[in-house]
Structures are given as C-alpha cells and as structure tokens.
C-alpha cells in the first residue's frame with residue numbers, strides 16, 4: 001500500500017461522524033460518509049473506498065446489512081467495524097459477515113488510523129476485547145469437545161480449533177500488546193503475527209456456526225426471544 | 001360424603017394448614033394426601049373412603065376430579081414431585097372413569113345408574129378448569145385465574161381442554177337421553193351440537209373481542225411500566241452524570257472519569273449483568289476492583305476476561321494483588337490506559353496488568369516502594385502463587401500473576 005487508504009465513514013450519529021472525520025482527516029483522506037444503510041450503499045458504490053468504517057448498530061440493519069449488500073459487489077472494499085457495543089454477539093456477527101476487524105469507539109485517533117492502514121493492507125485488526133471473546137469462544141469449544149467427544153456439526157476440526165501459536169498471539173493481544181510488541185515477545189516477525197491473526201479471523205468467519213452461536217447462548221449474550 | 005364435606009367443617013379447627021394438593025406425596029394428583037394432611041388423619045383412610053365413593057356410581061371419581069381441578073398445589077411440593085404432561089393427566093382421568101364404569105357394569109350393579117352422566121360431566125369440567133387454577137395460594141391467584149380463563153389456551157393446555165370439552169359434551173348428550181329423549185341419542189347429540197354452534201356464532205365474536213382488548217390493555221400496561229422504569233433509571237444515573245459533567249466542564253480528567261463511570265454503569269444495566277457485588281466469581285471480582293481503581297485514580301482500565309470460576313481459596317489473593325498492580329499502574333506510570341487480562345482455567349488462574357507508562361527497573365525497586373514487593377510478590381507467594389514484573393524504563397510495565405488451583409479448595 002503506497003498511497004494512503006481512502007476512507008468512508010458509516011454511522012447514524014452525525015456528531016460521531018463529524019468527530020471521526022475531523023480526527024482521521026488529518027492523517028487519511030476521508031472521501032465520504034453516510035448516516036444510513038441506503039446512503040452507505042450509494043457512497044460505497046460511487047467512491048469505491050479502500051476501507052469503510054462501519055458502525056455495528058444502525059437502524060434498518062446496521063453494519064451486517066451493509067456488508068451483506070455490497071460486500072461481494074465491491075470485493076476490493078474492506079470493512080472495519082466500529083462500535084460502542086461490548087456484546088459478543090454483535091461483534092462476532094459483524095466479523096462473520098466479513099469485517100476485517102473490530103475496534104471500540106473510544107480508540108484514539110492515531111490507533112484508529114493505524115487500524116485503518118492495517119485493514120487496507122489486508123490484515124485483521126483485533127482489539128483486546130475481541131481477542132478475549134475469541135479465546136473464550138474457542139476455549140469453550142475445546143472443553144465441550146473433550147468433555148463428551150462430540151464432533152462439531154461442520155466436521156472440520158481444523159476450523160474449530162486454534163493452534164497453540166494462535167492462542168499465544170491472541171493472549172498477547174488481549175493483554176494489550178501491539179502487533180510489534182507481540183512479535184518481540186514471541187520472537188517472531190510482525191508479518192508472522194499478522195498471518196496468525198488473519199488465520200484466526202478466517203476461522204472465526206468460517207468455523208461451524210453451530211458452535212459459536214451455542215457459545216453465545218450459553219453465555220447469555222444472545223437473547224433467544226428477539227424483539 | 002364425609003371426606004368431601006370435612007374440609008369446610010374443619011376450617012376453624014386447623015386454620016393453619018391450608019388445603020393444598022401434595023403432589024410429592026400423592027399417588028395421582030396428591031388430593032388424598034392433601035386432605036389427609038389437612039384433617040390430620042392417615043392418608044390410607046382418605047384413600048379408602050375415596051375408593052368406596054368411587055364404587056357408588058362413580059361419585060368418588062367426580063369428587064376427586066373436582067378436587068384435583070380446584071385445590072391448588074402446595075407451593076413447596078410443586079416442583080418436587082412429578083409434573084405429568086397434559087395428555088397423561090387427561091388419559092389418567094379418562095382411564096380411571098372408564099375402569100370404574102366397566103367394573104360397575106360387569107358386576108351387574110345398577111346402583112346410581114342415572115348418576116354417571118353427571119360424573120362424566122364433572123370430570124370434563126375438572127379437565128377444563130384445571131389449568132386455570134394458579135398453583136400458589138397468594139391473593140393474586142384469583143385474578144390470575146380470571147386472566148387465564150380469558151387468555152387463549154396455550155399449546156400445552158389444548159389436549160386437556162379438548163378432552164374436557166368432549167367429556168362435557170358427551171355427558172350433556174347422555175343426560176338429555178336419560179331425561180326423556182330415549183331412542184334418539186343421536187338426535188340429542190345433534191341438538192347439543194346445534195345449540196353450541198349457535199351460541200358460539202352469537203357470542204364468539206364478542207368473547208374474541210373481549211379477549212383481544214384485554215390483551216391489548218395488558219400489553220399497554222406492561223409498556224407503560226417499562227417506560228416508567230427506564231425513565232427512572234435514566235434520571236437516577238445518566239441525567240445526574242450529565243449535570244455533574246456540565247458543572248465540571250473545566251476539568252477534562254474529571255469529565256472523562258465521570259463519563260467512563262456512567263458508561264460502565266449503563267453498559268452493565270443494558271447487558272443485565274448481575275450486580276457485581278453479588279456474584280462471587282473471579283471475573284466479577286476483578287471487574288469490580290478495576291472499577292474501583294479507575295474511579296479513584298481516573299485512569300481507564302480495560303478488563304478482558306476469559307473463562308470464569310468461583311472466587312475461593314487463594315483467589316482472593318490474586319484479585320488483591322491485581323488490584324494493587326492496577327493501583328500502581330494508575331498512580332505512578334502516567335499511562336493513558338491500563339489493560340487487565342485474566343484467564344481463568346480449571347487448574348490455573350493468570351492475570352496480566354499492563355500499562356504503557358514510564359516503566360522502571362525491576363531490579364532497582366526502592367525499598368520504600370512496598371507496594372510491589374509486599375502487596376504483590378509476597379502476597380502471591382504466601383498463597384502459593386507467583387508474580388513477575390516485566391518492566392523497562394520508558395517501555396511500560398507488565399505484572400504477571402499466576403496461581404495454580406489444586407484439587408483442594
């Protein structure tokens with residue numbers, strides 16, 4: 001990535017959009033913003049940005065809906081989810097829809113710009129909290145698997161488990177380490193760290209849906225009786 | 001009739017034992033056990049009387065069915081005993097009735113022959129009424145009974161209702177047959193069906209509307225309650241904080257702290273997390289400690305936990321040590337934020353507290369800095385855990401706490 005990535009901001013809160021635009025605008029070109037799913041589709045189609053900063057919660061569907069409707073059509077566009085929500089089911093849902101990462105809205109401008117560059121470069125961005133969710137979800141799977149030897153529905157064990165190295169990387173991220181620090185601590189290159197995180201992202205997106213949703217229900221994070 | 005009338009007569013004498021069905025001690029529905037407890041006699045006596053009455057034209061069966069329908073279940077036995085499904089109950093009643101009549105018939109006895117449609121009808125009524133009687137004995141039970149009568153029968157109630165209605169219809173037809181329309185039972189059934197259909201056509205829409213408007217009203221009332229609760233919560237928490245923030249607008253640190261505190265409160269309220277003061281779990285204790293340190297020193301602390309477990313044995317110590325580590329980070333590191341990560345596994349607990357502050361040389365902790373040495377390292381060692389400090393000047397600090405959890409608590 002030689003040129004700075006072009007960014008579109010999608011969020012239904014006008015004040016927040018203006019704030020991010022002002023903060024991020026100093027470092028990266030912000031080529032458009034949108035306050036609803038429909039607006040977002042139009043802006044993304046018109047601008048073909050490198051990265052879309054996507055609010056998880058919006059009226060009429062939110063981030064998941066935007067990715068679902070424009071993700072395949074604009075395959076070069078990458079999505080980074082931005083949310084005030086801590087709820088695992090929101091985060092997991094938007095990642096599974098195709099977002100390349102998740103950060104909370106309290107993130108500093110410099111960190112956000114860094115995350116955008118990383119996503120534009122094809123890497124995944126995990127906040128400490130997301131790393132914690134993933135460790136928790138896959139730990140639960142491992143426990144359930146060893147406890148009653150029940151095969152997951154997908155039958156693809158590789159996708160339902162993290163390698164020891166991936167776990168180690170995720171644990172460092174959950175502890176608040178930057179990628180560079182993770183690399184230093186584990187004695188591997190930053191590129192390798194990025195590869196591990198991307199692999200975890202892929203597993204998160206592709207692994208047996210059954211297991212992950214069961215985990216969310218077990219933790220009472222998903223309401224079974226919807227609105 | 002002795003057993004049927006006895007409860008009313010005994011009311012004053014044994015006012016302290018209310019008449020309740022004891023499912024946990026009964027054979028069928030706990031009626032005899034309940035009556036026996038109320039009258040302070042042996043269950044066997046009540047059962048024998050019941051069986052004797054059952055042979056008199058099935059009278060006992062009707063009495064039993066009615067009692068089953070109308071006497072509430074004793075609250076403490078409700079979940080103890082069996083909880084038969086609707087079909088099983090219906091089948092049991094019908095089988096019992098059929099058995100009694102078959103027995104009476106084959107014995108060639110015709111005592112109380114004219115009584116059996118009544119018995120059947122009462123059994124049907126019992127089936128229809130049964131689900132509407134609330135199992136508790138509080139004052140709300142009557143109101144709930146009325147509401148239950150009017151609400152649409154749930155899927156679980158349907159078989160019982162159908163069986164009951166069939167029994168009642170059959171009994172009515174038989175009664176018509178007995179009182180004069182001999183040789184035309186078919187016609188009698190038709191008459192009942194036609195009358196029922198006419199009544200249904202005439203009154204049906206009205207009943208439907210009544211039920212619907214009642215449920216609308218109820219939904220509106222619930223909405224109103226929820227709104228009032230939400231308003232009360234927002235007023236107590238969010239509005240208060242916003243007022244405070246306006247007052248202290250000149251102090252950014254204070255404002256950020258207030259906002260953060262409110263955010264945490266609102267979040268836990270939205271996610272309906274249990275009050276952290278209640279649950280004695282490791283994760284909850286760490287979160288509470290982080291919140292307290294954050295409030296005292298106004299440095300945001302991100303808490304990420306994986307897994308959880310009860311807070312027992314030496315785990316109090318690891319929480320205390322983590323708290324001390326967070327306090328140190330918040331007080332001395334001048335870091336913008338502190339990260340706490342805890343992993344609770346069945347056999348070990350690990351906690352990491354990391355800041356990106358000034359850092360220090362762990363080999364040269366001044367002797368007067370008792371915090372790290374006493375409160376963290378020594379404390380962990382006392383409880384058979386260990387603590388490690390990773391820090392370098394200018395690169396922040398990470399404190400690692402590990403505690404193995406043995407088989408003993």
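The values are calculated or read from the model by the stated rules, or taken from the named source; none is laboratory data. This structure is a prediction, so every number in the text was calculated from the model and none was measured. So basically every Cβ, Gly included, is an ideal-geometry build from the backbone, and we count neighbours across all protein chains shown.
Evaluation of residue A:11 against the conditions (1) modelled with pLDDT under 80; (2) buried (at least 21 other Cβ atoms within 10 Å of the Cβ); (3) farther than 25 Å from residue A:202 by Cα shows that the sole unmet condition is (1). Looking at residue B:365, is it away from chain A (no Cβ under 13 Å), crowded, with 23+ Cβ neighbours inside 10 Å and modelled with pLDDT under 90? No, not satisfied.
Condition check ((1) within 15 Å of the chain's Cα centre (by Cα); (2) within 17 Å of residue B:395 (Cα to Cα); (3) modelled with pLDDT of 90 or more; (4) surrounded by fewer than 16 Cβ atoms within 10 Å (Cβ to Cβ)) across all residues:
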site	(1), (2), (3), (4)
A:153	no, no, no, yes
A:157	no, no, no, yes
A:161	no, no, no, no
A:165	no, no, yes, yes
A:178	no, yes, no, yes
A:182	no, yes, yes, no
A:189	no, no, yes, yes
A:201	yes, no, no, no
A:204	yes, no, no, no
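Each row is one residue, and each column tells you yes or no for (1) in a helix (DSSP H, G or I); (2) modelled with pLDDT under 80; (3) buried (at least 17 other Cβ atoms within 10 Å of the Cβ); (4) touching a strand residue (DSSP E or B) at 6+ places or on another chain (Cβ under 7 Å).
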position: A:39; (1), (2), (3), (4): yes, no, no, no
position: A:62; (1), (2), (3), (4): yes, yes, yes, yes
position: A:79; (1), (2), (3), (4): no, no, yes, yes
position: A:117; (1), (2), (3), (4): yes, no, yes, no
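If the condition is being within 9 Å of chain B (Cβ to nearest Cβ), out of contact with any helix residue (DSSP H, G or I) (no Cβ under 6 Å at 6 or more places or on another chain) and either closer than 10 Å to residue A:193 by Cβ or in a helix (DSSP H, G or I) (or both), then segment A:164-177 contributes A:171, A:177.
Looking at B:284, B:329, just one residue is within 28 Å of residue B:401 (Cα to Cα), assigned to a helix (DSSP H, G or I) and within 12 Å of chain A (Cβ to nearest Cβ), and that residue is B:329.
Within the span defined as segment B:65-79, every residue fails to be in a loop (DSSP other than H, G, I, E, B), at positive phi and modelled with pLDDT of 70 or more.
Taking the conditions (1) surrounded by 11 or more Cβ atoms within 10 Å (Cβ to Cβ); (2) touching a helix residue (DSSP H, G or I) at 6+ places or on another chain (Cβ under 9 Å) in turn, residue B:204 satisfies each one other than (2).
Scanning segment A:57-95 for residues that are closer than 18 Å to residue A:125 by Cα and within 14 Å of chain B (Cβ to nearest Cβ) returns A:83, A:84, A:85, A:86, A:87, A:88, A:89, A:90, A:91. For segment A:41-54, filtered to residues that are surrounded by fewer than 19 Cβ atoms within 10 Å (Cβ to Cβ) and touching a helix residue (DSSP H, G or I) at 6+ places or on another chain (Cβ under 9 Å), the residue that is nearest to residue A:69 (Cα to Cα) is A:41.
One residue is enough: does segment B:302-311 have a residue meeting the conditions surrounded by fewer than 18 Cβ atoms within 10 Å (Cβ to Cβ), within 14 Å of another protein chain (Cβ to nearest Cβ) and touching a residue at least 40 places away in the same chain (Cβ under 8 Å)? There is at least one residue in segment B:302-311 that is surrounded by fewer than 18 Cβ atoms within 10 Å (Cβ to Cβ), within 14 Å of another protein chain (Cβ to nearest Cβ) and touching a residue at least 40 places away in the same chain (Cβ under 8 Å). Of all the numbered requirements in (1) assigned to a strand (DSSP E or B); (2) within 14 Å of chain B (Cβ to nearest Cβ), residue A:111 misses one, and that requirement is (1).
Inspect all residues belonging to segment B:341-357 and state whether any of them is assigned to a helix (DSSP H, G or I), over 35 Å from the mean Cα position of the chain (by Cα), within 13 Å of another protein chain (Cβ to nearest Cβ) and under 22 Å from residue A:173 (Cα atoms). Taking every residue of segment B:341-357 in turn, none turns out to be assigned to a helix (DSSP H, G or I), over 35 Å from the mean Cα position of the chain (by Cα), within 13 Å of another protein chain (Cβ to nearest Cβ) and under 22 Å from residue A:173 (Cα atoms).
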